[in-house]
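We did not get these values from a lab; they are worked out from the coordinates using the rules stated. Everything numeric in this text was worked out from a predicted model, so none of it was measured. Note that each Cβ is placed from the backbone with ideal geometry, even for glycine, and that neighbours are counted across all protein chains shown.
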Amino acid sequence: MQGAGTLFIRLWLMPAAGPARRLAARRAGAWRRADEEFQSALLTAGRAQLASSADAPELRRAASALAARRDRIALAPPRRPFWMGDRIAAADTRVHDKYRLDLASAWPRLWLVLPDPVRTEFGLSRAALTRDSCLAGWALAYAILGVWWWPALAIGCVCAVMARVRARTSVDLLAELVESAVDVHGRALAESLGLPCASALTRETGAEITAITRNDP
C-alpha cells in the first residue's frame with residue numbers, strides 16, 4: 001500500500017491545476033465570505049466596546065465563533081483544492097507575513113541548524129502521515145472489493161474516515177512544527193548565514209535571509 005499511500009499524499013497536497021482549480025476557487029470563495037462576516041462582526045464588536053455597550057462581550061464571542069468557522073476552511077486564503085494542501089501552504093504564508101522569510105528557499109538551510117530532537121519530531125510526524133495515507137490506500141482497496149463483497153464497502157468507508165481524520169491531524173502537526181522551527185531556531189539560521197541577530201528573528205533579518213537564500217542581487 002506504500003505506492004497508493006504516496007498517491008494519496010500527492011492528491012491531498014496537490015496545487016490547483018486543471019479541474020482542481022474549480023474546487024480551489026470554491027474553497028477560496030467560501031473563505032472570503034466567512035472572512036467578510038468575521039471582519040464585519042469584529043468591527044461591530046469594537047464599536048460596541050468603545051460605546052461601553054452591555055452587548056460587547058456577546059458580540060466578541062460571536063466574532064470569535066465566525067473566526068473559528070473561517071479558520072476551519074483554511075488558516076490563510078485558500079490556494080489548494082484540499083484543506084491539507086492549504087494547511088501546508090498556510091505555514092509558508094504565515095512565516096512570510098511574520099518574518100518576510102521565504103520558507104521554500106530558507107528551509108534547507110534551516111534544516112541544517114535544527115537540533116537532532118527537532119529533526120526526530122519531523123521524522124515522526126512525516127511517518128504518521130505516511131501511515132495515514134496507507135490507510136487511505138486500504139480504504140480504496142476495500143471499496144473495490146466491495147463490488148463483489150458488500151461488507152468490504154463498509155470497512156472501506158470506516159478506513160476512509162479514519163484516514164482523513166488522522167491525516168488532517170498529522171498535516172496540522174507538521175505545519176505547526178514548521179512554523180515553530182522558524183520561531184525557535186530562526187535566530188540560529190541568521191547567525192549561521194553571518195547575519196547579526198541579537199534576539200528573536202525580525203522581519204528585517206528575515207528579508208536579509210530571503211535575499212541570501214534566493215541569491216537575490
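Annotations
- Estimated [θ] at 222 nm from DSSP helical runs (n ≥ 4, -39500 (n - 2.57)) normalised by residues in the chain, nearest 500: -27500 deg cm²/dmol
- Neighbour-count ranking [beta-carbon atoms within 10 angstrom, fewest first] of T205, T210: T210, T205
- Residue order, fewest to most surrounding Cβ atoms within 10 angstrom, among C157, C197: C157, C197
- Dipole-positive endmost among F82, A175, L193 within the chain (Cβ charges, Cα centre): F82
- L193/T169 FRET efficiency (R0 25 Å; Cβ-Cβ; nearest 0.05): 0.15
- The charge dipole of the range 17-78, taken about its Cα centre with unit charges on the Cβ atoms of Lys, Arg (+1), Asp and Glu (-1) only, comes to about 420 debye.
- For P15, net neighbour charge (Lys/Arg +1, Asp/Glu -1) across residues whose Cβ lies under 12 Å away: +3
- Relative frequency of Cα-Cα separations exceeding 30 Å in the chain, percent: 42
- Check: the chain dipole with +1 on Lys, Arg Cβ and -1 on Asp, Glu Cβ, in debye: 760
- Chymotrypsin sites (Phe, Trp or Tyr not before Pro) within the range 114-159: DSSP coil, no more than 14 neighbouring Cβ in 10 Å: W148, W149
- Pairwise centroid distance, computed over Cα atoms, of the range 138-217 with the range 1-69, Å: 19
- With K and R counted +1 and D and E -1, the other residues having a Cβ less than 14 Å from that of A160 yield a net charge of +2.
- Virtual spin-label span in nm between A51 and L153, 7 Å along Cα→Cβ: 5.7
- Annotation: the residues D102, D116, D183, sorted from fewest to most other C-beta atoms within 10 Å of their own C-beta, follow the order D116, D183, D102.
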